[in-house]
Amino acid sequence: MIKVPMTSEGYNRLQEELKRLKSIDRPAIIRAIAEARDHGDLSENAEYHAARERQSFIEGRVMELEDKIARAEVIDVSKLSGSAVKFGAKVTLAEEETDEEQTFQIVGEDEADVSQGLLSVTSPLARALIGKQIGESVEVTTPGGAKSYEVVTVAFA
């Protein structure tokens, strides 16, 4: 079984979503299907078909979340330290051409949101950064071409 690394915040978000799906969304969709069934002919009942489609989505997401939670390897970032980039690190990078700085935290796939500064551990940039020290350079191929970054800071919060 392949473990899925994630922070405790990411793990808690998955747990909350699973709880909501099971306790709120699933019962609501069951009621909606029962109500749509009461409207008669199911072959021409758009409400029924929409409710069944939504139920299928919910059940699929429940199975996906249960699998990820079962395989979760929760990493407590507050207990990490060091000067090398690793999972959970907050890394400040300077683009070597423009000296523009950006800060990212390396997190699990399900937690990633680049607009929030959360970079997936499986992304090309994060993979290139793992193991780098302050002052080292990394080159990454992006859709816009190759970019070079310098590691400015590495912190664990």
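Scanning region 25-62 for residues that are over 28 Å from Gln116 (Cα atoms) and among the hydrophobic types (A, V, I, L, M, F, W, C) returns Ala28, Ile29, Ile30, Ala32, Ile33, Ala34, Ala36, Leu42, Ala46, Ala50, Ala51.
Annotation note: of Glu95, Glu59, Glu35, the sole residue that is touching a residue at least 40 places away in the same chain (Cβ under 8 Å) and either under 30 Å from Gly144 (Cβ atoms) or not basic (Lys, Arg) (or both) is Glu95. Taking region 106-137 as the range and being without any contact (Cβ under 8 Å) to a residue 60 or more places away in the chain and under 17 Å from Gly82 (Cβ atoms) as the test, the residues that pass are Ile106, Ala126, Leu129, Ile130, Gly131, Lys132, Gln133, Ile134, Gly135, Glu136.
Checking each residue in region 29-60 for being surrounded by fewer than 13 Cβ atoms within 10 Å (Cβ to Cβ), among the small types (Gly, Ala, Ser) and in a helix (DSSP H, G or I) picks out Ala34, Ser43, Ala46, Ser56, Gly60. Yes or no: Arg26 within 17 Å of Glu109 (Cα to Cα) and surrounded by 12 or more Cβ atoms within 10 Å (Cβ to Cβ)? Criteria not met by Arg26.
Of all residues in region 1-30, those satisfying the criterion of being small (Gly, Ala, Ser) and without any contact (Cβ under 8 Å) to a residue 60 or more places away in the chain are Ser23, Ala28. Region 64-157 holds strands (runs of 3 or more DSSP E) entirely within its bounds, and those carrying 3 or more residues that are of a type outside the set (Val, Ile, Thr) map to 90-95, 101-107, 118-120, 145-155.
Taken together, the values in this text are just the output of simple stated rules run on the coordinates, not laboratory data. Because the structure is predicted, anything quoted here is derived from the model rather than measured. Virtual Cβ from ideal backbone geometry, glycine too; neighbours counted across all protein chains shown.
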